[in-house]
1. Exactly one of (1) within 19 Å of Asp75 (Cα to Cα); (2) touching a strand residue (DSSP E or B) at 6+ places or on another chain (Cβ under 7 Å) is unmet by Ala9. Its number?
2. Look at Leu76 and say whether it is under 23 Å from Phe100 (Cβ atoms) and not β-branched (Val, Ile, Thr).
3. Applying the selection to the stretch 31-70, what residues are loosely packed, with under 15 Cβ neighbours inside 10 Å and of a type in the set (D, E, K, R)?
4. Are any residues in the stretch 64-99 within 12 Å of Tyr18 (Cα to Cα) and not β-branched (Val, Ile, Thr), and if so, which ones?
5. Show the residue pairs meeting these rules: Cβ distance below 9 Å; 6+ apart or different chains; first residue within the stretch 27-38 and without any contact (Cβ under 8 Å) to a residue 60 or more places away in the chain; second residue among the hydroxyl-bearing types (Ser, Thr, Tyr) and assigned to a helix (DSSP H, G or I).
Amino acid sequence: MSNPLRAEASVELAGQRYVLRLTLQALAEIEAAFAVKGLDALGSRLSGGNLGAQDLLALLGALIRGGGGRIANADLASRIEARDLPILIEAIGAVFTTSFGESEAADPR
């Protein structure tokens with residue numbers, strides 16, 4: 001079960017529930033997959049609007065592993081169907097928004 005206070009979201013794929021969480025390890029994995037260095041470069045890459053299926057898989061895999069799941073991207077890919085994409089994109093967005101967006105809005109410093 002996911003904990004929104006820890007900026008977690010959850011998704012169900014092929015009958016199994018996965019928790020998504022943005023950890024430092026997940027960020028490092030995403031930076032490596034996207035071949036960028038630093039959060040500014042990663043933010044630019046993510047907001048550029050040119051994300052493909054491999055990018056989505058890299059994001060999802062890293063966030064699932066950040067949430068404690070142990071699954072390789074290749075195994076994860078076999079569990080995703082086209083109809084799952086809107087839910088996955090929403091969950092990934094929620095994790096990033098609650099990890100970065102809400103905490104800044106809540107703290108006026």
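1. Condition (1) is where Ala9 drops out.
2. no
3. Those that are loosely packed, with under 15 Cβ neighbours inside 10 Å and of a type in the set (D, E, K, R): Lys37, Asp40, Arg70.
4. Arg65, Gly66, Gly67, Gly68, Gly69, Arg70, Leu76, Arg79, Leu88, Ala91, listed by residue number.
5. Val36/Ser44
Every number in this text was worked out from the coordinates using simple rules, so none of it is lab data. Just so we're clear, the structure is a prediction, and the values are computed from it rather than from any experiment. For neighbour counting, all protein chains shown are included, and Cβ atoms are generated from backbone atoms with ideal geometry for every residue, glycine included.
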